[in-house]
Amino acid sequence: MTSPAHVAIIMDGNGRWAKARGLPRLAGHRAGVEALRNTVRAAPGLGISFLTVYAFSSENWSRPKSEVSDLMGLLKIFIRRDLAELHQNGVRVRIIGDRAGLQPDIRSLLEEAETLTVRNDALTLVIAFNYGGRDEIVRTARKLASAVARGELDSEEITAESFAGSLDTQGIPDPELVIRTSGEL
Ligand code: FPP
């Protein structure tokens, strides 16, 4: 049996995992990051070329402030601590989502991770952060509309292919397997 080339993981159930153990939600999110580390290490050996993790959706801003800041903190720690190992193992990091809504220090960390690893090809780790599928489509439509307004693009030139080529997910094949870590189907 051949492995799916692109596996996507929705990192949910962290809160329930912690609650079942009498732990704070943050402990669940930390355990989620540890599980992500193990998954990234195992993926290339399983024949997986693209691994997407949905870590923070556009809707997650409605969570309590302290939890949002915990999640931002975990992302920063992950990039700071793991970037060297990811790079050493040939992992390319790509970020999808609206960066404009993120703090400048997080934005520059994300850019650093992408720039450092741009030539790696053992695995592409796609981190969906402040990501929403509709939001991605809206941002792309705006970008193309501005290009048309500036006279740089003819609206007739917008096709399914050119639109896909302007998305955050440009060049990334569609996921073949989506896993929800909470076990929900
Ligand atoms: C949703 O499930 C989980 C999240 C909103 C957070 C997942 C993100 C991280 C663990 C950290 C940052 C990411 C990276 C890439 C280092 P939930 O915890 O709300 O679970 P529940 O449905 O059981 O309440």
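The values are calculated or read from the model by the stated rules, or taken from the named source; none is laboratory data. Source: prediction; values computed, not measured. Glycine also receives a Cβ, built like all others from the backbone with ideal geometry; neighbour counts cover every protein chain displayed. For accessibility, only protein heavy atoms count, side chains too; no ligands or nucleic acids. Shrake-Rupley method; radii C 1.70, N 1.55, O 1.52, S 1.80 Å.
Summing +1 for each Lys or Arg and -1 for each Asp or Glu, what net charge is found among the other residues whose Cβ lies under 12 Å from the Cβ of V148?
-1
For the chain, a crude dipole built from +1 on the beta carbon of Lys and Arg and -1 on the beta carbon of Asp and Glu, taken about the Cα centre, is about 940 debye to the nearest 20.
Counting heavy atoms of the protein chains alone, E176 has an accessible area of about 120 Å² for a 1.4 Å probe.
Calculated mean residue ellipticity at 222 nm for the chain: -15000 deg cm²/dmol, from DSSP H runs with n ≥ 4 weighted as -39500 (n - 2.57), summed, divided by the residue count and rounded to 500.
Here R150 sits with roughly 150 square angstrom of accessible surface, probe radius 1.4 Å.
The residues of the chain present an accessible area of 58 Å² per residue when probed at 1.4 Å with all protein chains retained.
With N set to the residue count of the stretch 5-60, report its C-alpha Rg divided by 2.2 N^0.38 Å to two decimal places.
1.26
The listed residues M11, M72 rank as M11, M72 when sorted by accessible area, largest first, using a 1.4 Å probe.
Rolling a 1.4 angstrom probe over the chain with all protein chains present gives an accessible area of which 54% lies on carbon and sulfur atoms. Computed with every protein chain present, the accessible area of T181 is close to 80 Å² [probe 1.4 Å]. Evaluate the Debye formula for the chain with equal point scatterers sitting on the alpha carbons, no solvent, and hand back log10 of I(q)/I(0) at q = 0.09, 0.10, 0.13, 0.15 Å⁻¹, in q order, two decimals. Cα-only, vacuum Debye calculation for the chain: -0.36, -0.44, -0.74, -0.96.
Accessible area per residue (1.4 Å probe, heavy atoms of protein chains only) ranks K76, K143 as K143, K76, with the largest value leading. A simple charge model with +1 on the Cβ of Lys and Arg, -1 on the Cβ of Asp and Glu and nothing else charged puts the dipole of the stretch 9-54 at about 200 debye relative to its Cα centre.
Once Rg and the Kirkwood radius are both taken over the C-alpha atoms of the stretch 111-173, their ratio Rg/Rh works out to 1.04.
Within the straight-line cut-off of under 21 Å between alpha carbons, the lysines reachable from K19 are K65, sequence neighbours fewer than 8 places apart in one chain being disregarded. Dipole magnitude for the stretch 44-96: computed about the Cα centre from +1 point charges on Lys and Arg Cβ and -1 point charges on Asp and Glu Cβ, it is near 140 debye. Among V118, V91, the sequence by solvent-accessible area, most first, with a 1.4 Å probe is V118, V91. Over the Cα atoms of the stretch 1-96, the radius of gyration divided by the Kirkwood radius equals 0.99; this is the Rg/Rh ratio.
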